[in-house]
1. Could you put A:VAL208, B:VAL386 in order, starting from the residue whose Cβ has the fewest other Cβ atoms within 10 Å?
2. Angle check, please: helix B:407-423 long axis (alpha carbons) against the longest principal axis of chain B (alpha carbons), in degrees 0 to 90, nearest 10.
3. Tell me, B:PHE226, A:PHE151, A:PHE264 in order of fewest to most beta-carbon neighbours within 10 Å?
4. How many angstrom separate the Cα center of the range A:182-253 from the Cα center of the range A:93-149?
5. For chain B, find the longest principal axis of its Cα atoms and tell me its angle to the long axis of helix B:357-376, 0 to 90°, nearest 10.
6. By a straight-distance test (C-alpha under 30 Å), which lysines pair with B:LYS88 as possible cross-link partners, with residues fewer than eight away in the same chain excluded?
7. Where does each of B:TYR357, B:TYR146 land when they are ranked from fewest to most other beta-carbon atoms within 10 angstrom?
8. Considering chain B as a Gaussian network with a 10 Å cut-off on Cα pairs, which listed residue, B:ASP80, B:ASP306, B:ASP32, attains the greatest mean-square fluctuation?
Amino acid sequence: MAHIQGVLFSVAAAGYSVGALFYAFASVFRRPRLGTWGTVFLTGSLALQSVGLTLRGLTAGALPVTNTPETLVFYGWVFALGYLVVERLDRADRESLRPVGAFAGLLACGALALASSPLTGGLLAPQPLVPALRSHWLALHVSLTLVGEGFFAVAFVSSALYLARERSAKRRGGDATGSLDRLDRIAYRAIALGFPFFTLGGLFFGAVWAKHAWGRYWGWDPKETFSLVTWLAYVLYLHLRVRRGWRARRAAWVAVIGFLLALFTFAGVNYLVRGLHSYG
Amino acid sequence: MPQTPTIPNADLIYESYGPFWHSVIGALALGDVFHSAGFSALLALFALNLVLCTAGRVPRVVRAILRPASPEEGTRNAVDLTVEVGEKTASEIDGATRRALRKRRLRARKVGGWLVAERCRWSRLGTDLVHASILVILVGAFLGVYQVDGYFAANETELGKTIPFRLPSAGGTFSVRVDGFGAELHPGTLSAKDYWTRLSVIENGVLAASLETRVNRPATYRGISFYQTTYGDDLDAARVVLAAIDRPVGVVVGSVSLRVGQTAVLSATGLEVRLVRFFTHLRRTATGSLINAPGSGVPNPAALIDVRPLDGGAAFQVVAFPNASPHDDMQSAYAFLLSAYEVPKAVGIRYARNPGYPVVWAGLVLMMAGLTVAFYLPARRLWILVEPRDGRIILLVEPSRGAEHGTAWAESIRRAIEQELKGGW
């Protein structure tokens, strides 16, 4: 079974990179058909990865997010899912999304590659669950948080592209207003989609599980604290955009910083401080 | 900076910085920022900010929902569209527009000379719901000052230990007895699957309830929940047997059994020994330094002992391992071996009753409702001036959150009106 999962994840990683290439070519050579192939490859890879994740979950008896490599595989899955959802919702403006798709495909492929690399210990056969993780809240808490972060990743890529394109347009003296506006709108849409998921999974279900497991809903554990900081960064983005009319470069910077905080909460906190969220 | 709730010995770390920095850190409460008066003051300021913001916003939003200002009075962030109407009269346009709106299940009303079509108009209050939810959560957190909260531990030698409880509001008392605890393993492995503890509740001298608490499945009695928090070796209750070996001849000349903190005299050696600490995973590196890494790798037990010569010589410390090591301390004519050890298992139980929990949950539910409404059910308002100008009518989209919203929705209505008008031609 572990061998089948490995093959599925490897094929999915290859599919993501091919999809990313199609998106990149579609964007550079302005060939919409190539973009359609990118979507086909990304969707197919997502389906294969979903099968792999389901098999692993069935083998382990839990959602496969119980260690770093498994969580990275799931992270790659939500990157691709987040992008495809935004592409579907914004299908009228699909062509503007192609460069974002290229980076989403690369991120998904990168997450899968990192999961199986020696840096994270590799994707070994599922290990028995430690008592603390034997809870149905695990699936709800982690999956919804990561789905939220998948959308944030799309917003990050759009915002980073916005900043890069704006810089390049300034340097070359061209007018990229149309494509910049679209990237700005995609970033906002992705954050508006992801924010409720992140709040529900990261804060709400996290608090409920903490109450069940540790007897309190909030304890200022480093992971909790940085989740709150990440949440506040996106609250700031939404407030500045909706109330203060922040758009364009300023909003893009907040989205980029928000995702860097999300990444730090996901990966960095555990390496710096040992807290209640450190398992194994 | 290490915080007390996460790292219980954070204060010891700060002590190691020296008295000056220790006092500075203590005065500024940097070792427990989130429970400091300064942080509470910031939270209070934040709550006040939210109250004032909500109090100022809600009446304005409700007014905008019930009595929207027409475009002549100024509609912010409007996006305008037009429909070619040819030679149609105002009443024909009005009829076609109303039919198009009805088909899309939108009710139209007249405000001034405009037709107004709306969707999810009350969702404009979504943001205020989220703001109110944060206030509710803060109130719940504040109620936490009335909580019953604590921790007790028991090791295998302490079964039958009772812990008294006094309920502040009900005024009742009862005690909890630890009857047993243990670990369940995953079949065919040495990995723990679950930890459990059995407790008996004694009230007025009689058994009132038998409880079992497990990880993620707390047991509750009279509103107090008992959480299976820790399970592991109780190193402070370890018992070791130390053997003293005469180095020159390599013969055991005496042995002694000690608990942590106990002192005994090895009369044949003229030394008094005290067991300072017991380790399960103490390792020597290639350079001879020691690394304590509990819970990792193969166990490597060791005992740290204070040795004091009875003849008044200088005291010293020795680490005793099960096997003699070339790095053994050579300060004495005797070497020490850890010939046996026994570490009892222990369990830690946290108990809590917090009157703020239901309030916090209510706040979180309110927050999710507010976010769902604000982000997934956005308010839309479309102003349609049915009086044709230059053969066209004007549609103004008034979005709830910035100009980028509602354009596609308005465009679809524009097309629907166009269709209705064409149908009439």
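Here, each number is a calculation from the coordinates, and none is a lab measurement. Quantities reported herein were computed from a predicted structural model and do not represent experimental measurements. Neighbour counts run over all protein chains shown; Cβ positions are idealised from the backbone, glycine included.
1. A:VAL208, B:VAL386
2. Around 30 degrees separate the two axes.
3. A:PHE264, B:PHE226, A:PHE151
4. 18
5. Taking Cα atoms only, the helix is inclined about 40 degrees.
6. Those lysines meeting the cut-off are B:LYS103, B:LYS110, B:LYS422.
7. Working: B:TYR357 19, B:TYR146 12.
Final ranking by Cβ density, sparse to dense: B:TYR146, B:TYR357.
8. Maximum fluctuation in the GNM of chain B, among the listed residues, is at B:ASP32.
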